[in-house]
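What follows is a set of notes on a single structure, which appears directly below.
The values are calculated or read from the model by the stated rules, or taken from the named source; none is laboratory data. As the structure is a computational prediction, the values presented were derived from the model and not from experiment. Methodologically, a virtual Cβ is constructed for each residue, glycine included, from the backbone with ideal geometry; neighbour enumeration extends over all protein chains shown. For the accessible areas, the whole protein counts, side chains as well, though only heavy atoms, and no ligand, DNA or RNA atoms are used. Shrake-Rupley method; radii C 1.70, N 1.55, O 1.52, S 1.80 Å.
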Amino acid sequence: MTQTTSAPPVIWSPPPPPSVATAPAGTPRRSRPSGAIQAWFAGTPGRMRLVLILSAAMAVLFGLAAAQGFRESDGALKRAEANTAQLVRIQGIHTNLVSANADATNAFLVGGLEPPAQRQHFVDSMAQASKLITEAATAQPADQAALGQLNTTLLTYQGLVEQARANNRQGLPIGSQYLKDASASLQEDSLPLLDALVKANESRVGTEFDGIGNGSYWLIIGGLVTLLVLAYALWWLAKRTHRYLNLPIAAAAALVLLTMVVGGAALSSAGSKAKDTRGHAYADTLALSRARIAAYDAKSNESLTLIARGSGEAFQTAWTKSAAEVDKQLAIVAATSPAVQTPWTQYKAIHATIRDLDAKQGKWGDAVARSVGTNTGTDAGTIFGDFDEASAASLGATSTKVSTELSDARHGLPPIGWLGLPIGIVAALLVAWGMSQRLGEYR
């Protein structure tokens, strides 16, 4: 019998882990990116690169700052010119409305059908006011809401004036009440809106005049910081390389300094011209506009005083207040617009005669005749017309002068608003050139 021998049991064991190849001795390891960056900025060459980046960046930033400064000053001049024109429009609306009201009240004294010339002047003044309202709403969106309200109040005013005319032609006493209501509507509803618009636009003009010099801060601060950085770069290079002048970097500093000097002088000149305009031509424009508005208001109150027939003390008080405002404003332009003062002085003398005829002598008819008459040198109508023509001509000249002077100040600025960035880039390239010369010595 054959004996069978059993095989030994098989014991499972996990396979050995994969062997990790060991790099042969002397094989360099692959460098990390951060290590390359650190190496690029290591040592004296690396510090040179840091100084290069800082100096070039500051040169470009200076160019941007210079451009921003010139754009800011140029924009302030442009907006000051536009806002001044808008202010003149608003005051023109005001003047035309009080002029039309003076025509309406003065013509009412005639009785029946008013003089055709005076009626036409009323129509023309209202038409010009409407035209200016449209232009002003287009020129300044911020004024559109108030100008829309003004249009609504003027419809009410014109309706009351037409009712007054219709009743006056028929000899009905109620016509005078309609005229008083029309004047009250203008004074209480329309003119306060215009006063608010005038203040808003005067504020805008003042803000822009104040902002004209702000552009200098961008130029000066940006230039000084850049010059400090470039001076540090020159000092650092001289200390490290023992070469005491790096011509390209020095040229970059000279370019920055030249831009500061030329640009600063131009901005200073523009600011000085704008300040002179603000103190003279612009101030004269405001004064003449205010004088014309107050004068027409006075003429309206003169007529309302006569219409009231003995009970018009409130209107005479208002006349006195308006006349004092005219005197105050004309004193401002006495040197530049002397031709306006004479007819106004003559008109005040005639008004005193009218009040004497009406209040002291009881000659109401003679007083009305002097108020509405057109005899040269003796009647208020003609003399006031002379004042209107002289003040309108002076106002046109001063407002044109404001626009011209502000435009000249703008055009006198060098085109650094466009050249600022290219100047900064050129300065940065000069810095890079100067640094590359020193870096080449370490290769």
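Numbers below:
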read-out: GluC sites (Glu not before Pro) restricted to DSSP loop in segment 61-149 with at most 15 other C-beta within 10 Å; value: none
read-out: Given charges at Cβ of Lys, Arg, Asp, Glu: segment 45-432 dipole, positive-most of Ala323, Ser125, Trp218; value: Trp218
read-out: Dipole magnitude of the chain, debye to nearest 20 (Cβ charges: Lys/Arg +1, Asp/Glu -1, about Cα centre); value: 2780
read-out: Candidates Tyr232, Tyr347, Tyr282, ranked by Gaussian network fluctuation over the chain, Cα under 10 Å, top entry; value: Tyr232
read-out: Filter on Lys273/Lys299; Lys199/Lys299; Lys180/Lys401; Lys131/Lys348; Lys131/Lys275 - keep pairs with C-alpha separation over 28 Å; value: Lys273/Lys299; Lys180/Lys401; Lys131/Lys348; Lys131/Lys275
read-out: Solvent-accessible area, 1.4 Å probe, carbon plus sulfur percent, for the chain; value: 61
read-out: Sparsely packed trypsin sites (Lys or Arg not before Pro) within segment 281-313, loop by DSSP, other Cβ within 10 Å at most 12; value: Arg309
read-out: Radius of gyration and Dmax over the Cα atoms of segment 45-432, both given in Å; value: 30.3, 105
read-out: The chain, relative contact order in percent, only Cα pairs under 8 angstrom and at least six apart counted; value: 27
read-out: Fraction of alpha-carbon pairs over 26 Å apart in segment 188-339 - percent; value: 57
read-out: Cα long-axis angle, helix 215-241 against the chain (0 to 90 degrees, to the nearest 10); value: 20
read-out: Where the chain is the region considered: accessible area per residue in Å², 1.4 Å probe; value: 52
read-out: Largest-first ellipsoid semi-axes for segment 283-363, taking √(5λ) over the Cα gyration tensor eigenvalues, angstrom; value: 26, 13, 8
read-out: Among Arg79, Arg47, Arg278, residue whose mean-square fluctuation peaks in a GNM of the chain (springs only between Cα atoms under 10 Å); value: Arg47
read-out: Which of Leu406, Leu64, Ser337, positive extreme of dipole for the chain (C-beta unit charges); value: Leu64
read-out: Listed residue (Leu357, Gly175, Leu150) projecting farthest to the positive dipole end of the chain, Cβ model; value: Leu150
read-out: In degrees, nearest ten, helix 191-211 long axis to first principal axis of the chain (Cα); value: 40
read-out: Whole-number percent relative contact order across segment 329-443, with pairs defined as alpha carbons under 8 Å at least 6 apart; value: 18
read-out: Dipole magnitude of segment 310-443 about its Cα centre (Cβ charges: Lys, Arg +1; Asp, Glu -1), debye to nearest 20; value: 540
